[in-house]
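Enquirer: Have a look at this one.
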Amino acid sequence: MPSAFNLTEIQEKEIDAIIRAGYYSNKSEVVRDALRNLFANSPSLRISAAVEIYRSGEFTLSKCAEIAGMTTIVFKEILKDRGIKIRTITEDRRSIKKGVEVLRRKRKSS
C-alpha cells in the first residue's frame with residue numbers, strides 16, 4: 001500500500017545519504033526499518049496501533065494480539081479497560097461475508 005508523507009529537507013538528505021552509503025537499497029526499506037525500531041522501542045505505541053486496528057475491524061482479535069505482542073487473553077483485558085467491545089465470531093463472520101460480497105461485485109464489474 002503506497003503512502004505519501006512529508007519530510008524535512010534534512011531528513012530527505014539523510015535518507016538519500018544512507019542509501020548511497022549502502023545501508024539500505026531504497027527509501028521503503030528505510031521507512032520499514034524506522035517503523036520496526038519505533039514500535040520495538042515504544043511498546044505502548046504498538047499496543048495502541050493494535051487496539052485501533054481491532055477497533056476498525058481490519059483484523060481479528062488474535063491477529064491484533066499478535067501485533068501488540070501479547071496473548072489474546074491479555075489483549076482482551078486491554079480492550080476491556082479501554083471500553084472497546086469484543087466482537088464475537090458471528091460478527092467477524094458477518095464482516096468476512098460482507099467483504100466477500102464486495103469483492104464479488106467488483107470482480108463482476110471488471
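Enquirer: Out of the residues in region 23-67 that are touching a Leu at 6+ places or on another chain (Cβ under 8 Å) and loosely packed, with under 14 Cβ neighbours inside 10 Å, which is nearest to A4 (Cα to Cα)?
Expert: Step by step, filter region 23-67, then rank; the result is L38.
Enquirer: Of the residues R107, R87, which is surrounded by 14 or more Cβ atoms within 10 Å (Cβ to Cβ), charged (D, E, K, R) and either out of contact with any Gly (no Cβ under 6 Å at 6 or more places or on another chain) or without any contact (Cβ under 8 Å) to a residue 40 or more places away in the chain (or both)?
Expert: R87
Enquirer: From (1) surrounded by fewer than 12 Cβ atoms within 10 Å (Cβ to Cβ); (2) under 19 Å from the mean Cα position of the chain (by Cα); (3) farther than 30 Å from V100 by Cβ, pick out the condition that doesn't hold for S3.
Expert: So the condition that S3 fails would be (3).
Just so you know, all these numbers are worked out from the coordinates, no wet-lab data involved. Please read these numbers as outputs of a predicted model, since none were measured by experiment. Backbone-built Cβ (ideal geometry, glycine too); neighbour counts: all protein chains shown.
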